[in-house]
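Take a look at the structure set out below.
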There are 2 protein chains.
Amino acid sequence: MRLVPMLLAAAVAAATFPAPARDAAADATPAGAETRIPDAAMALAGQLRDTALASSLAWDITESLTTEIGPRLAGSEADARAVEWAKAKFAELGFDRVWTEPVTFPKWVRRSERADVLGPHAQPLALTALGGSPGGTVEGEIVRFADLAALEAAPAGSLAGKIAFVDYRMERARDGSGYGPGSRVRSRGPSEAIRAGAIGFVMRSAGTDSHRNPHTGITRFDEGLEPVPSAALAVPDADQLARLLARGPVQLRLALDCGWDGEYTSQNVIGEMTGSSLPDDVVLIGAHLDSWDLGTGAVDDAAGIGITMAAAVHVAALERRPARSIRVVAFANEEQGLHGGYAYADAHAADIARHQIVAESDFGAGRIYAFNTSASAHAEAAEARIAEALAPLGIERSDAGGPGPDLIPITRKGAAWAWLGQDGTDYFDLHHTPDDTLDKIDPDALAQNAAAYAVFAWLAAEAEGDFGSAQVATAASD
Amino acid sequence: MRLVPMLLAAAVAAATFPAPARDAAADATPAGAETRIPDAAMALAGQLRDTALASSLAWDITESLTTEIGPRLAGSEADARAVEWAKAKFAELGFDRVWTEPVTFPKWVRRSERADVLGPHAQPLALTALGGSPGGTVEGEIVRFADLAALEAAPAGSLAGKIAFVDYRMERARDGSGYGPGSRVRSRGPSEAIRAGAIGFVMRSAGTDSHRNPHTGITRFDEGLEPVPSAALAVPDADQLARLLARGPVQLRLALDCGWDGEYTSQNVIGEMTGSSLPDDVVLIGAHLDSWDLGTGAVDDAAGIGITMAAAVHVAALERRPARSIRVVAFANEEQGLHGGYAYADAHAADIARHQIVAESDFGAGRIYAFNTSASAHAEAAEARIAEALAPLGIERSDAGGPGPDLIPITRKGAAWAWLGQDGTDYFDLHHTPDDTLDKIDPDALAQNAAAYAVFAWLAAEAEGDFGSAQVATAASD
C-alpha cells in the first residue's frame with residue numbers, strides 16, 4: 001500500500017476520516033428513514049463467520065498469486081500475467097461476472113542499483129532506488145540530516161555537489177501511524193535535497209525492521225526541479241553510514257540504473273457475485289493487484305486480494321444470495337499513485353449512489369481489530385449491528401481509520417466507506433522490501449480477515465437502506 | 001565460522017572432543033603432580049569479572065572493525081585493511097608485542113549472481129554463490145531432493161542437463177548442532193550433483209532465518225570432477241521454488257560471475273601481553289579476522305576479535321601481570337579452509353608445549369553458557385576451579401564442545417583446548433548472510449563473553465602446572 005498523507009493524518013490523530021460533503025437531496029434514503037440490518041441477515045452472519053474461519057481459501061488465493069506470478073511491478077511483464085491470473089481466478093471461483101477496465105500510467109523500470117562508500121572505509125551499502133527516481137551515477141560527500149525538517153532548513157546551494165542523507169527512524173505502531181513522517185521523507189526529501197543543491201538523495205528506509213532489505217516506494221519531484229538519483233538504505237546500512245559519519249567525512253558513489261520508460265495500460269480486474277433483488281447496487285471490496293518488485297507482494301497486497309476474493313465466495317456460498325451484488329476489484333498500479341483507484345472512480349463517476357459502501361484491504365495480513373464507517377446518521381444503527389456481528393472476531397467499533405488508498409478517489413466523489421483496521425505492528429518490517437513473501441503471513445489471521453470481510457459485505461449488501469453514498473454536490477473530480 | 005565436521009559430530013553427540021593422543025613422557029607435569037589454580041589468582045577473578053562486565057571495550061573493538069573495515073573477504077582489498085586495523089588496534093590497546101605471520105591461500109572472488117525462474121511463472125530468486133564455486137551461466141530443469149541422502153542416491157547420469165536442488169531445512173539449536181547436516185549439503189552437495197550429471201547446484205541455505213538473505217559458505221569439489229555453478233537460495237526462495245515445483249517442472253537460469261583468481265598472502269595478526277614469570281608460555285585466545293563478503297562479519301567473527309582482545313586488555317589491567325603471557329591471535333582466512341589456523345600450527349609446531357591452553361571465540365556473540373577443556377586428568381582440579389570462577393556468569397561445566405575451528409590444527413599437534421560455549425540459538429539466522437551486522441549484537445552479552453574469556457585466560461595463565469599440552473608422538477602434520 002501507499003498510505004496517502006490524508007489517511008495518515010487521520011490515523012495519527014485516530015480521528016474519523018472526513019465524511020464527504022453531501023448533497024442532502026441526493027441521499028437515497030428518505031428523511032427520517034433509518035437504515036437497518038434485517039434479523040434474517042444477522043441470523044446467517046454467525047454461520048458465515050464460522051465457514052470463513054475454517055476455510056483456507058484466502059490463503060490458497062494468496063499463495064497462488066505470490067507463487068505463480070511473484071513480483072508484479074506495474075507495467076512489467078508480470079503485470080500482464082497478474083491481470084490474466086486475476087481474470088482466471090475470478091472465473092475459477094465462480095464469480096458471475098468478470099471484466100476488466102483499462103488503467104493507463106507512466107511506466108517506471110528498475111534495472112540495477114549500487115552504493116559504495118569510497119576511501120579508507122570502502123564498503124558497499126545495501127539500498128534500493130525509490131520508485132520514480134532517475135538513473136545515474138553520482139559521487140559526493142554525504143551530508144546527514146536527522147529528519148526532514150532539518151533538510152528543509154538547509155539553505156539553497158548549501159548541498160552543491162553533495163548527497164543528502166535523511167537519517168529519520170520510523171516508529172513502530174499498530175495503526176501504522178509511524179509511516180506518516182517516515183513516508184514524508186521519501187515523498188518530500190528528494191525535492192528538498194535538490195532545492196539545496198544536492199546531486200543525490202539517500203534516506204534511512206521508512207521501515208521498522210533490522211534486516212539488509214531496503215524499503216522502496218514511490219517518490220515525486222516538484223515541478224521545475226531536475227530529478228536526481230534517490231534511494232533508500234536498508235536500516236543496518238543507515239546505521240553504518242551514521243557511524244562512519246561520526247568518524248569524519250564520507251564520500252559515497254551512488255549508481256542507479258532505473259527510470260521512466262513510456263506509458264503502459266494495465267487493467268482493473270473486477271469480479272462480481274450478482275445480488276438477488278438489487279443487483280445493480282454493489283458492496284465494493286477490493287485490494288490492489290500490483291506490487292513492488294523486490295518481494296512477491298504477499299502482505300502488500302496479495303493478502304488483500306485473497307481476503308476479498310475469498311470473502312465474496314463465502315458470501316455467495318450461503319443458502320441465498322444477498323440483495324445487492326458483491327463486487328471485488330483488483331486494482332491496477334496502486335503503488336505508483338493510486339492509478340487503478342482513480343481510473344475506477346472516473347469510470348464509475350455516474351454510479352456513486354449505486355455503491356452501497358466500499359472497503360479495501362491494503363494493510364497486510366494482521367488480524368482485524370477495529371471497524372468504522374463513514375455512515376450517515378441514518379445508518380448508525382446498521383453500522384452498530386455490523387459491529388455486533390464482527391465482535392466475536394475480536395473486532396471493536398472505532399472512530400479511527402478511513403478508506404483504503406484506492407478508494408480515496410471514489411469516496412471523494414461521495415461513496416460511503418468502511419474501515420476494517422488490521423494490526424500493522426509488523427507491517428513495516430516487510431512493506432516494500434524483498435522480505436514481503438508468503439511465509440510472513442499467518443494463515444489463521446488471514447482467515448480472520450476473510451471472515452470479517454465476508455460478514456461485513458453480507459450485512460451491508462442485505463441492509464434495508466443505504467450508508468450515505470451519494471454524488472457530491474461539488475464536481476471536484478480528481 | 002566454518003564448523004568442521006569433526007567438531008559438529010562432537011556437538012551433535014554432546015560428546016567430548018577427542019583429546020589428542022599424547023606421548024605421556026612429553027607431559028610437562030611430573031607424574032602425580034596436580035595442576036592447581038593459586039588462591040591469590042582466584043581472589044582477583046571476581047574483580048576481573050566485574051570490570052569486564054562493566055566495560056564496553058569488546059563492543060568498541062567490534063564496532064570499530066565492522067564499521068571501519070566492513071566486509072573483509074579473504075584476499076580482498078579489505079583483507080589488507082583489516083590486517084592493518086588489527087596491528088593498529090593491538091598497539092592502541094597497549095599490547096606489549098604485536099607481530100604478523102604470513103598466510104598464503106588461493107583467492108576466490110565474487111562479482112555477481114542471479115537466478116531466474118523461466119517460463120509462465122517467470123521471477124527472480126534470491127541466492128548467493130557458494131565460496132569456491134566457478135562462474136558460469138546454466139539453464140536447465142530443476143530436480144528437487146529432500147536432503148543430501150536423496151541426492152547421493154541419484155544414479156549417475158540421471159541429472160544430465162539438469163540443476164540439482166537440495167531442499168533440506170536446517171534445525172535451530174542452542175549448540176548449533178543443526179549446522180552439521182546443514183553444512184554437509186553445502187560441502188558435499190555440489191560434488192554429488194556433478195556425479196549424477198548435473199550442470200548446476202542450488203540448495204536451501206544452511207540457516208534458520210526467514211529473510212531474503214542467502215547464506216554463503218565454502219564448498220569444495222571432489223578431485224577429478226569438473227566444478228559447476230553452485231549457490232544457496234534464501235530460505236523464502238527455497239520455499240517458493242518448492243511451491244513452484246509442486247505445480248510442475250521448473251526451468252531455472254543460474255548466472256554466477258565468480259571464481260578462483262590466483263594466490264594471496266594475508267597475515268595472522270598477533271598481540272601479546274607479556275607474562276611476569278613464564279613469559280614464553282602462552283594462553284592463546286583468538287578469533288578470525290576475515291569474514292564473508294555479504295555482511296560486515298559482526299557475529300562471524302568481529303565479535304570474537306572484540307571479546308578476545310578486550311579480555312587480554314582486562315587481564316593486563318589487573319594490579320599484576322599473570323605468570324604466563326596472554327596471546328591474542330586474529331586468524332587470517334578461516335572461512336575458506338582454516339588457512340590461518342593451519343599456518344599458525346605449522347609456524348609454532350615446535351612450541352606446542354609452550355601453549356598452556358588455547359581457545360577461540362567463533363560462534364557469535366550469544367551468552368556463554370558452558371565450559372569444557374581437554375585437560376588431562378592431572379589438571380581436572382584446576383579446570384574445576386576455573387569453572388567455579390565462571391559460574392557467577394551463568395556458565396556451567398559441560399562435557400561437550402571442542403576447540404574453535406582455527407585451533408583444530410594445533411590441538412591435533414597436541415595443544416590443550418578450552419571451550420567457552422556460546423548460545424547459538426540465533427547464530428544461524430545471521431551466519432554468512434548480508435544480515436551479519438553490528439546491530440544484531442547485544443552489548444551486554446558481548447561483555448559477558450569478554451568477562452568469561454578474561455577470567456579463563458587469567459586463571460589458566462596463573463595455573464601452577466599445565467593442562468596437558470604436549471607434542472603429539474605421531475608427527476601427523478596437516
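Since every read-out is calculated from the coordinates, none of them should be taken as a lab result. Quick caveat: nothing in here was measured; it's all calculated off a predicted structure. Glycine also receives a Cβ, built like all others from the backbone with ideal geometry; neighbour counts cover every protein chain displayed.
Quick one: A:Leu244, B:Leu159, A:Leu318, fewest Cβ neighbours within 10 Å first, how do they rank?
A:Leu318, A:Leu244, B:Leu159
May I have the extent of the alpha carbons of chain A along their three principal axes, as whole Å values ordered from largest to smallest?
Per principal axis, max minus min of the Cα coordinates gives 74, 43, 40 Å.
Among B:Ala33, B:Leu118, B:Gly259, which residue has its Cα positioned farthest towards the positive end of the charge dipole of chain B, with +1 placed on the Cβ of Lys and Arg, -1 on the Cβ of Asp and Glu, and the dipole taken about the Cα centre?
B:Leu118
Rounded to the nearest 20 Debye, what is the dipole magnitude of the range B:110-260 about its Cα centre when Lys and Arg each give +1 and Asp and Glu each give -1 at the C-beta?
The dipole of the range B:110-260 has a size of about 260 debye.
With r as the distance between the Cβ atoms of A:Asp444 and A:Glu34 and R0 = 25 Å, compute the FRET efficiency 1/(1 + (r/R0)^6) and round to 0.05.
Efficiency, from the Cβ-Cβ distance: 0.10.
Label-to-label distances across copies for A:Gly157, with labels 7 Å out along Cα→Cβ, in nm, shortest first?
Taking the point 7 Å beyond Cα along Cα→Cβ, the inter-copy spacings are 7.9 nm.
Which distances, in nm and shortest first, link the A:Asp39 label point to the same label point in every other copy, taking 7 Å along Cα→Cβ?
9.1
Kindly put A:Met170, A:Met309, A:Met42 in sequence by how many other C-beta atoms sit within 10 Å of each C-beta, fewest to most. Can you show the working numbers first?
Numbers: A:Met170 21, A:Met309 29, A:Met42 17.
Lowest count first: A:Met42, A:Met170, A:Met309.
Using all C-alpha to C-alpha distances in the range B:21-166, build P(r) with 5 Å bins and read off the rounded percent in each one.
Answer for the range B:21-166: a P(r) of 2, 6, 8, 9, 10, 9, 9, 10, 10, 9, 7, 6, 3, 2, 0, 0 percent.
Any chance you could give the angle, 0 to 90 degrees and rounded to 10, that helix B:303-316 forms with the longest Cα principal axis of chain B?
Compared with the principal axis, the helix lies near 10 degrees.
Within 10 Å of each candidate Cβ there may be at most 14 other Cβ atoms; applying that plus a DSSP loop requirement, which GluC sites (Glu not before Pro) in the range A:136-205 survive?
Listed in order of number, the matching sites are A:Glu171.
Output the 0 to 90 degree angle, nearest 10, between the alpha-carbon long axis of helix B:380-390 and the longest principal axis computed from the alpha carbons of chain B.
The two axes meet at around 80 degrees.
Can you bin the range A:171-265 into rounded, prolate or oblate? Criterion: square roots of the alpha carbon gyration tensor eigenvalues sorted a ≥ b ≥ c, rounded for a/c under 1.5, prolate for a/b above b/c, oblate for the rest.
Cα axes put the range A:171-265 in the oblate bin.
Whose Cβ in chain B comes nearest the axis that rotates B onto A, and by how many Å?
Of all Cβ atoms in B, the one closest to the rotation axis yields B:His211, 3.
As a quick test, which of the pairs A:Lys107/B:Lys440; B:Lys162/B:Lys440; B:Lys87/B:Lys413; A:Lys107/B:Lys162; A:Lys413/A:Lys440 have an alpha carbon distance above 29 angstrom in this structure?
Correct reply: A:Lys107/B:Lys440; B:Lys162/B:Lys440; A:Lys107/B:Lys162; A:Lys413/A:Lys440.
Roughly how many Å is it from the Cα centre of the range B:408-478 to that of the range B:105-126, as a whole number?
35
What list do you get for B:Leu338, B:Leu289 if you sort them by fewest beta carbons within 10 Å?
In order of increasing Cβ crowding within 10 Å: B:Leu338, B:Leu289.
Cα-based Rg (one decimal) and Dmax (whole number) for the range B:110-260, in Å?
According to the Cα coordinates of the range B:110-260, Rg and Dmax are 13.9, 43 Å.
To one decimal in nm, how far is B:Arg172 from the same spot in the other copies, if labels go 7 Å from Cα toward Cβ? Please give the shortest first.
From this label point to the equivalent ones elsewhere in the assembly: 1.5 nm.
Run lengths n ≥ 4 of DSSP H only: what is the helix-derived mean residue ellipticity at 222 nm for the protein assembly as shown, with -39500 (n - 2.57) per run over all residues, to the nearest 500? Walk me through the numbers before you get to the answer.
On the way: 26 runs with 296 residues, N = 956.
For the protein assembly as shown, the value works out to -9500 deg cm²/dmol.
In whole percent, what relative contact order does the range A:110-260 give with Cα contacts below 8 Å and a gap of six or more residues?
Relative contact order for the range A:110-260 comes out at 38 percent.
What spacing in nm lies between the two simple spin-label points modelled at B:Gln251 and A:Ala146, each 7 Å away from Cα in the Cβ direction?
Calculated label separation equals 5.7 nm.
Given 20 °C and 1.002 mPa s, compute D for the protein assembly as shown with the Stokes-Einstein relation, Rh being the Kirkwood radius over Cα pairs; round to the nearest whole µm²/s.
Rounded to a whole number, D works out at 71 µm²/s.
Please give the Cα centre distance for the range B:286-306 versus the range B:178-249, rounded to the nearest Å.
About 24 Å separates the Cα centre of the range B:286-306 from the one of the range B:178-249.
Placing +1 on the Cβ of each Lys and Arg and -1 on the Cβ of each Asp and Glu in chain B, which of B:Ser469, B:Ala451, B:Ser76 has its Cα farthest towards the positive end of the resulting dipole?
So the residue we want is B:Ser76.
Quick one: angle between helix B:179-195 and the longest Cα principal axis of chain B, in degrees between 0 and 90, rounded to 10, please.
Taking the Cα atoms of chain B, the angle to B:179-195 is about 40 degrees.
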